[in-house]
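Peer 1: Below is one structure. I have some questions about it.
The values are calculated or read from the model by the stated rules, or taken from the named source; none is laboratory data. These numbers were taken from a predicted model, which means no experiment stands behind them. Glycine gets a Cβ as well: all are built from the backbone with ideal geometry, and neighbour counts include every protein chain shown.
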Amino acid sequence: MPDRIESESRKLLGRLRDVMARPGAGQARLDRVVQLIAHEMRFDVCSVYLFRDPETLELSATEGLRPESVHKTRMRIGEGLVGRVARTRQVVNTADAPAERGFRYMPETGEEVFPSFCGVPVQRLGDVLGVLVVQSREKDTCTADEVYALEVVAMVLAEMTELGAFVGNDNGALGRRHYRPVLFRGATGQEGAAAGRVWLHEPRVVVTNLIGDNPDHELGRLRDAIDSLRQQVDEMLASAVSVDAEQVAVLETYRMFANSRSWMRRMEDDIASGLSAEAAVEKEQSLARSRMGQAADAYLRERLHDLDDLSNRLLRILTGQGRETGAQMPDDPILVARSIGPGELLEYGKRLRGVVLEEGSVGSHAAIIARAWAIPLVIHASGIITEAMNGDMILVDGDQGLVHLRPEAPVKKAFDDKLAMLTRAQAQYAGLRDLPATTLCGTTIGLHMNAGLLADLPSLPSSGAAGVGLFRTELQFLIRNQMPKRAELSALYARIMAAAQGKRVVFRTLDIGSDKVLSYMKPQDEPNPAMGWRAIRVGLDKPGVLRMQLQALIRAAAGRPLAIMFPFVTVPAEFRAARAEFDKALERERILGHPLPERVEVGAMLETPALAFAGDAFFHEVDFISVGGNDLKQFFFAADRENERVRRRYDMMDTAYLTFLEGIVARCAATDTALSFCGEDAGRPLEAVVLAALGFPVLSMRAPSIGPVKHLLRRVDLREVRAVIDAAKSGGDPVRLRLTEWLAGLA
Ligand code: PEP
Ligand code: MG
């Protein structure tokens, strides 16, 4: 950029800072800003359009257009040239606006005498807040340097908006960002509802010092910060676990960016035109974020994410703001994060009321923990980390996958009513705690809980569960960054058994692979991991870990009963091989003179359709079978349980699936094999009633589901349920519909 323009730009930024520093109402400040830009940059018109709501832009201040059109002229995003700039986040620079595609004439503004038009997005960290427009009588386009200077000014405007410089009660849409209500439509990671206050996992760095008076000083600060950043990245690389190829690859990318000349050059230019070092970093970060939103290529998006993370680090170095911002965690925190690892999530402990993630998946580790804690989790809440501020009121509806940020009073009221209803229902369920789940026809269903953490065990007495029907042992492996030791595991299992106070706990051996990847194991590049090398397949091919875990379980039992089951058994030979490992481990412990379990039960999870057709011998060999309905359903319907597009497509009450489940019940009855069901469907009251009617004597579910399931079971006669199912089946009617009608008739 020529020196003259650089110094003019610096002068303009200096004046903008003065506007900020002076007291005054928001509108007056913004009016002053547009005047300054028009006069200093010698344009006939300068206007700012800001969002009135997520879809509508409003002319918020102008120098040069008719003042009466301010707060009157509006356009939808995408509409006219201003709307186009907002939608595409691209500059529109034309000498003849009326000749441009999509031009919309707004007569109330008097703009017909200004044919040239240049609009730049006012954006912050990839979020478009509005559009800055300059216009002239002369038919001329802006030069590249002028566009650049406008972009710098737009960046400062965005920051000023963010800092609330234009907030006031006289100014319509101004500064409403981070104040207005926003609804996010994400996806369900874990059902449930919670209201609370936002707690950001990575609080944003707040840049208050936007304008640098002394470019040399700012350049020096930037260079020092970049040096520290490079050093940090080198240290991280040196300490990275060398086997973790993915982590090393990310750090290598960081290093590449940290040494990137073009990134550095752009920030140097920004500083030369008057920005402070941190404002320059944020300007480039904003650009990267807006590209991120548009990049179709997943690889490119990942790299832009890397650049974003690196910019955050650089901002923390420059501003001295760490994660610790001194903010006080609210009493009712709802964690908001882009994504979060299981270890970090566990550090927050059970005080979180809910979790909202921009990314994440149903089967992610965070989801597994949220499930274990029984708190609602919404994933894919795109844009929430830039919109939410620490302390904002937030309502999480895990059932619908919705998040209301800063809700309006009626929404909050409706949500509170829902929560109150849930609380009343919980109190009603608590009254059932010590009563059996006995139906009107006199059948008692065993209700057990699923668990995965020691912290889940207090729910055993409070929920009235008869035992733990599924203890997912992989969580202990997932939350560490190295393989746990046998002694550690054995101590943990012993504590779990002690906490269960004699109630049965069924430990499922390690189910890793598929979505559950251990950071310290070499990642497998599998085209279809859900059907790949997972669970017992890994256990049998690499028996070291399985043996270690079996020993830990046997030692933990020491004189107490022990129940274990193997996940994802597909053919009887796999069960036999795993059982042989268990018997060997038992024998070894006996030889070593360690106390053995009082008695053992070794079962198999039935999670693949194939196992339902195994020979009778298999059913006689196993001590029990537990149907893992989550996996079984995904393989029965060939519908990925983690894919939002298909995971709800097929109903558990589909007649083909019910017939299939009936077959499993019949085979277990014929061979006198103990049977239970431990997938998520067991925890949904209507589904649980169907399973009971089909003949499942034991259901295992999340602890909070026990109350609602018991409540419904105690109100029904399973023979009648069965009759409704059979009638619907033979009539070709939807079972769910008929059952719901029948239930409504009961009330
Ligand atoms: C299942 O598949 O139903 C099950 C209980 O196991 P997980 O959800 O851990 O795969
Ligand atoms: Mg499973």
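Peer 1: Anything in segment 690-747 that is surrounded by fewer than 19 Cβ atoms within 10 Å (Cβ to Cβ), modelled with pLDDT under 95 and basic (Lys, Arg)? List them, or say none.
Peer 2: 729, the sole residue that qualifies.
Peer 1: Okay, moving on. Sort through 564, 554 and tell me the only one that's part of a helix (DSSP H, G or I) and either over 16 Å from residue 605 (Cα atoms) or within 16 Å of ligand 1 (Cβ to nearest atom) (or both).
Peer 2: 554
Peer 1: Next question, about the same structure. Kindly indicate whether residue 585 is buried (at least 19 other Cβ atoms within 10 Å of the Cβ), over 30 Å from residue 189 (Cβ atoms) and outside the structural domain of residue 189 (by TED's automatic domain parsing).
Peer 2: Yes, satisfied.
Peer 1: While we're on this one: If residue 461 satisfies all but one of (1) within 16 Å of ligand 2 (Cβ to nearest atom); (2) at pLDDT 90 or above, what's the number of the condition it fails?
Peer 2: (1)
Peer 1: In addition: Specify the residue that is surrounded by the fewest Cβ atoms within 10 Å (Cβ to Cβ); the eligible residues are those in segment 60-73 that are among the aliphatic types (A, V, I, L, M) and either touching a helix residue (DSSP H, G or I) at 6+ places or on another chain (Cβ under 6 Å) or modelled with pLDDT under 90 (or both).
Peer 2: Top of the filtered list is 65.
Peer 1: Hey, among the residues in segment 621-664 that are polar (S, T, N, Q) and in contact with a Gly (Cβ under 7 Å, 6 or more places away or on another chain), which one's surrounded by the fewest Cβ atoms within 10 Å (Cβ to Cβ)? Step through it out loud before you land on a result.
Peer 2: Taking segment 621-664 as the starting set, the residues that turn out to be polar (S, T, N, Q) are 626, 630, 634, 643, 655, 659.
Checking which are in contact with a Gly (Cβ under 7 Å, 6 or more places away or on another chain) leaves us with 626, 630.
Numbers: 626: 26, 630: 16.
Of everything passing the filter in segment 621-664, 630 is surrounded by the fewest Cβ atoms within 10 Å (Cβ to Cβ).
Peer 1: Looking at 155, 75, can you tell me which residue is in contact (Cβ under 8 Å) with a residue 12 or more places away in the chain, in a helix (DSSP H, G or I) and either under 24 Å from residue 36 (Cβ atoms) or not charged (D, E, K, R) (or both)?
Peer 2: 155
Peer 1: Quick check, is residue 76 surrounded by fewer than 19 Cβ atoms within 10 Å (Cβ to Cβ) and under 32 Å from the mean Cα position of the chain (by Cα)?
Peer 2: Answer is yes for this residue.
Peer 1: Hey, among 532, 513, which residue is crowded, with 22+ Cβ neighbours inside 10 Å, within 16 Å of ligand 2 (Cβ to nearest atom) and among the small types (Gly, Ala, Ser)?
Peer 2: 513
Peer 1: Can you list the helices (runs of 4 or more DSSP H) found entirely within segment 579-644 that contain at least 1 residues being away from ligand 1 (no atom under 16 Å from the Cβ)?
Peer 2: In segment 579-644, the matching helices (runs of 4 or more DSSP H) lie at 616-621.
Peer 1: Could you please let me know if residue 638 is in contact with a strand residue (DSSP E or B) (Cβ under 6 Å, 6 or more places away or on another chain) and in the same structural domain as residue 506 (by TED's automatic domain parsing)? Steps first, please.
Peer 2: On the way: in contact with a strand residue (DSSP E or B) (Cβ under 6 Å, 6 or more places away or on another chain): no; in the same structural domain as residue 506 (by TED's automatic domain parsing): yes.
Criteria not met by residue 638.
Peer 1: Only one of these conditions is not met by residue 674: (1) within 39 Å of the chain's Cα centre (by Cα); (2) under 18 Å from residue 536 (Cα atoms). Which number is it?
Peer 2: (2)
Peer 1: From the list 733, 681, which one is touching a helix residue (DSSP H, G or I) at 6+ places or on another chain (Cβ under 9 Å) and not in a helix (DSSP H, G or I)?
Peer 2: 733
Peer 1: Filtering segment 322-366 down to residues that are at pLDDT 80 or above and among the acidic types (Asp, Glu), which residue is surrounded by the most Cβ atoms within 10 Å (Cβ to Cβ)?
Peer 2: If we take residues in segment 322-366 being at pLDDT 80 or above and among the acidic types (Asp, Glu), then 358 is surrounded by the most Cβ atoms within 10 Å (Cβ to Cβ).
Peer 1: Cβ contacts < 7 Å: first residue farther than 20 Å from residue 640 by Cβ, restricted to segment 526-549; second residue surrounded by 18 or more Cβ atoms within 10 Å (Cβ to Cβ) and of a type in the set (Phe, Trp, Tyr), any location; separation 6+ or different chain. Result?
Peer 2: Qualifying pairs under 7 Å: 536/566; 536/568.
Peer 1: What is the one condition in (1) more than 16 Å from ligand 2 (Cβ to nearest atom); (2) in contact with a Phe, Trp or Tyr (Cβ under 7 Å, 6 or more places away or on another chain); (3) not acidic (Asp, Glu) that residue 558 does not satisfy?
Peer 2: All conditions pass for residue 558, except number (2).
Peer 1: Within segment 42-61, can one find any residue that is under 21 Å from residue 118 (Cβ atoms), part of a loop (DSSP other than H, G, I, E, B), touching a residue at least 40 places away in the same chain (Cβ under 8 Å) and of a type in the set (Asp, Glu)?
Peer 2: yes
Peer 1: Filtering segment 465-502 down to residues that are assigned to a loop (DSSP other than H, G, I, E, B) and under 25 Å from residue 623 (Cβ atoms), which residue is nearest to the chain's Cα centre (by Cα)?
Peer 2: 473
Peer 1: Considering 505, 545, which residue is within 16 Å of ligand 1 (Cβ to nearest atom), of a type in the set (A, V, I, L, M) and over 29 Å from the mean Cα position of the chain (by Cα)?
Peer 2: One residue alone meets the criteria, 505.
Peer 1: Give me the residue from segment 671-726 that is in contact with a Ser or Thr (Cβ under 9 Å, 6 or more places away or on another chain) and of a type in the set (Ser, Thr, Tyr) and, out of that set, nearest to ligand 1 (Cβ to nearest atom).
Peer 2: 700
Peer 1: Filter segment 16-26 down to residues that are surrounded by fewer than 21 Cβ atoms within 10 Å (Cβ to Cβ) and touching a residue at least 12 places away in the same chain (Cβ under 8 Å) and give me whichever is farthest from residue 212 (Cα to Cα).
Peer 2: If we take residues in segment 16-26 being surrounded by fewer than 21 Cβ atoms within 10 Å (Cβ to Cβ) and touching a residue at least 12 places away in the same chain (Cβ under 8 Å), then 25 is farthest from residue 212 (Cα to Cα).
Peer 1: How many residues does segment 595-614 hold that are surrounded by 13 or more Cβ atoms within 10 Å (Cβ to Cβ) and more than 16 Å from ligand 2 (Cβ to nearest atom)?
Peer 2: Residues that pass the stated criteria total 7.
Peer 1: Do we have any residue at all in segment 106-117 that's assigned to a strand (DSSP E or B) and closer than 30 Å to residue 204 by Cβ?
Peer 2: There is no residue in segment 106-117 that is assigned to a strand (DSSP E or B) and closer than 30 Å to residue 204 by Cβ.
Peer 1: Within segment 508-535, restricting attention to residues that are modelled with pLDDT of 85 or more, within 12 Å of ligand 1 (Cβ to nearest atom) and outside any loop (DSSP other than H, G, I, E, B), which residue is farthest from residue 631 (Cα to Cα)?
Peer 2: Top of the filtered list is 508.
Peer 1: With the checklist (1) over 24 Å from residue 282 (Cβ atoms); (2) free of Cβ contacts under 8 Å to residues at least 60 places away in the same chain; (3) out of contact with any Lys or Arg (no Cβ under 6 Å at 6 or more places or on another chain); (4) assigned to a loop (DSSP other than H, G, I, E, B) in hand, flag the one item residue 102 doesn't pass.
Peer 2: Status for residue 102: all satisfied but (3).
Peer 1: Do we have residue 675 as surrounded by 18 or more Cβ atoms within 10 Å (Cβ to Cβ) and within 22 Å of residue 439 (Cβ to Cβ) here? Lay out the reasoning, then the answer.
Peer 2: Details: surrounded by 18 or more Cβ atoms within 10 Å (Cβ to Cβ): yes; within 22 Å of residue 439 (Cβ to Cβ): yes.
Spelling it out, residue 675 is indeed surrounded by 18 or more Cβ atoms within 10 Å (Cβ to Cβ) and within 22 Å of residue 439 (Cβ to Cβ).
Peer 1: Which count do you get for residues in segment 660-674 that are under 27 Å from residue 638 (Cα atoms) and touching a helix residue (DSSP H, G or I) at 6+ places or on another chain (Cβ under 8 Å)?
Peer 2: 8
Peer 1: Same structure again: Might you let me know whether segment 462-473 holds any residue that is assigned by TED's automatic domain parsing to the domain that holds residue 605, surrounded by fewer than 19 Cβ atoms within 10 Å (Cβ to Cβ), of a type outside the set (Asp, Glu) and in contact with a Ser or Thr (Cβ under 7 Å, 6 or more places away or on another chain)?
Peer 2: no
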